[in-house]
Every structure is written in C-alpha cells, then in structure tokens.
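Worksheet: the structure to be examined is printed underneath.
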C-alpha cells in the first residue's frame, strides 16, 4: 500500500477491513464463546472473570490497577468488583499506609472458581490456536505485543493528522486543517 498524498481521493472506511473493528469483533467473539463455559455454572460475567484472573496472578491490586491492566472501563471494573465482593469471591482490604487506598484479593471461594475456570480457558485458547504452526503462534504473539505497544504510545500522545486542504474559496488559498485524533474503541 502506497502512502496517501494530498492529491489522492479520500480512502473509504471499510469497517469490515478496519483493524480496530476487526480486533474488537475477534476479542468479543472469543470472550463470548469462552464465557459460555463459565457464565451459567458460576454466574460470572466476562468483566468478573477478568478481575478474578488478574487478581489470581497479581493479588493486592487496587480496582484502578485492575482497570489499567485489563484496559477495561473503570465503571465496568467497579461493578465487577462490587459483584465479586457480594459473592464473597474477592475481598477488599485497606492499605495501612494510606487508608484511602484499597487492595483486592481472591477469597478461598474466588480461588476455587478461578482454579476451575482457568483450565477451561487454557483449553479453549489451545482449541482456537490448534492447527497454527508454532512459528505462526510466535509471530501472532509478537504482532499483538507490537500492536499493543503502538496503541498505548498513540493513546499516551494522540497523533495530530493533517487532513487534506479544503478547496480554495473565492480564490484565497487555505492552509491545511489539522485536527487531533483520539483513539477510538473500534
């Protein structure tokens, strides 16, 4: 694909070929299929499962840290945490050094749920990847890591894109219009 120049006509957005959309559809499809294995049995939502999985690996995080690690909306994390606390699957403690800050840990009940769901999640992942040669799996992992790195960099410093100049009106030349583009959710 050659780089666009100001003389090129605007490229049409084909949503089904747009990378953020495609990744979102893929992630939603994968998550929904996996959720079928634990939703009914454990009355566990996708955000709740993600909170459990993060805390199983890294206990003691705050809700804000869980949101940051999972790239989930803080409201979704807050609701998942509240639901998991009510279900006695996680517990909230208060930091001794800063009473405004809380930390989250799995309870034995939450650990039990995690211990049952995690092997199903790993088996599901293997079934999705089955048939891909190891070098393709390695390349996929590296590409996902690089795309995530780039997306985080763009989010930290939104790109300023110069759009095509508007056609001159009344014979006066206009300078290119620049707009700040914020990352979308696809």
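The values are calculated or read from the model by the stated rules, or taken from the named source; none is laboratory data. Since we're looking at a predicted model, the values are computed, not measured. A quick note on method: Cβ atoms are made from the backbone with ideal geometry, for glycine too, and the neighbour counts reach across all protein chains shown.
Only one of the listed residues (140, 132, 154, 147) is surrounded by 11 or more Cβ atoms within 10 Å (Cβ to Cβ) and either at pLDDT below 95 or in contact with a strand residue (DSSP E or B) (Cβ under 7 Å, 6 or more places away or on another chain) (or both). That residue is 154.
Look at (1) surrounded by 12 or more Cβ atoms within 10 Å (Cβ to Cβ); (2) out of contact with any helix residue (DSSP H, G or I) (no Cβ under 9 Å at 6 or more places or on another chain) and you find that residue 39 fails only one, number (2).
Each row is one residue, and each column tells you yes or no for (1) at pLDDT below 95; (2) in a helix (DSSP H, G or I); (3) more than 16 Å from the chain's Cα centre (by Cα); (4) surrounded by 11 or more Cβ atoms within 10 Å (Cβ to Cβ).
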position	(1), (2), (3), (4)
3	yes, no, yes, no
12	yes, no, yes, no
25	no, yes, no, yes
49	no, yes, no, yes
53	no, yes, no, yes
56	no, yes, yes, yes
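Of everything in the stretch 58-79 that's closer than 26 Å to residue 127 by Cβ and in a helix (DSSP H, G or I), which residue is nearest to the chain's Cα centre (by Cα)? Per the criteria, the residue is 70. Scanning the stretch 58-74 for residues that are in contact with a strand residue (DSSP E or B) (Cβ under 8 Å, 6 or more places away or on another chain) and crowded, with 18+ Cβ neighbours inside 10 Å returns 61, 63, 66. Just to be sure I understand the filter: pairs with C-beta atoms under 7 Å, separated by 6 or more residues or on different chains, first member in the stretch 71-97 and touching a residue at least 24 places away in the same chain (Cβ under 8 Å), second member assigned to a loop (DSSP other than H, G, I, E, B). Which pairs pass? What qualifies is 80/45; 89/107; 90/107.
Return yes or no: is residue 77 closer than 25 Å to residue 24 by Cα and in contact with a strand residue (DSSP E or B) (Cβ under 7 Å, 6 or more places away or on another chain)? It is false that residue 77 is closer than 25 Å to residue 24 by Cα and in contact with a strand residue (DSSP E or B) (Cβ under 7 Å, 6 or more places away or on another chain). Checking each residue of the stretch 98-107 against the condition of being in contact with a strand residue (DSSP E or B) (Cβ under 7 Å, 6 or more places away or on another chain), farther than 20 Å from residue 24 by Cβ and without any contact (Cβ under 8 Å) to a residue 24 or more places away in the chain gives at least one match. Checked against the criteria, residue 84 counts as in contact with a helix residue (DSSP H, G or I) (Cβ under 7 Å, 6 or more places away or on another chain) and either within 24 Å of residue 41 (Cβ to Cβ) or at pLDDT below 95 (or both).
Among the residues of the stretch 92-106, just one is modelled with pLDDT of 95 or more and surrounded by fewer than 16 Cβ atoms within 10 Å (Cβ to Cβ), namely 105.
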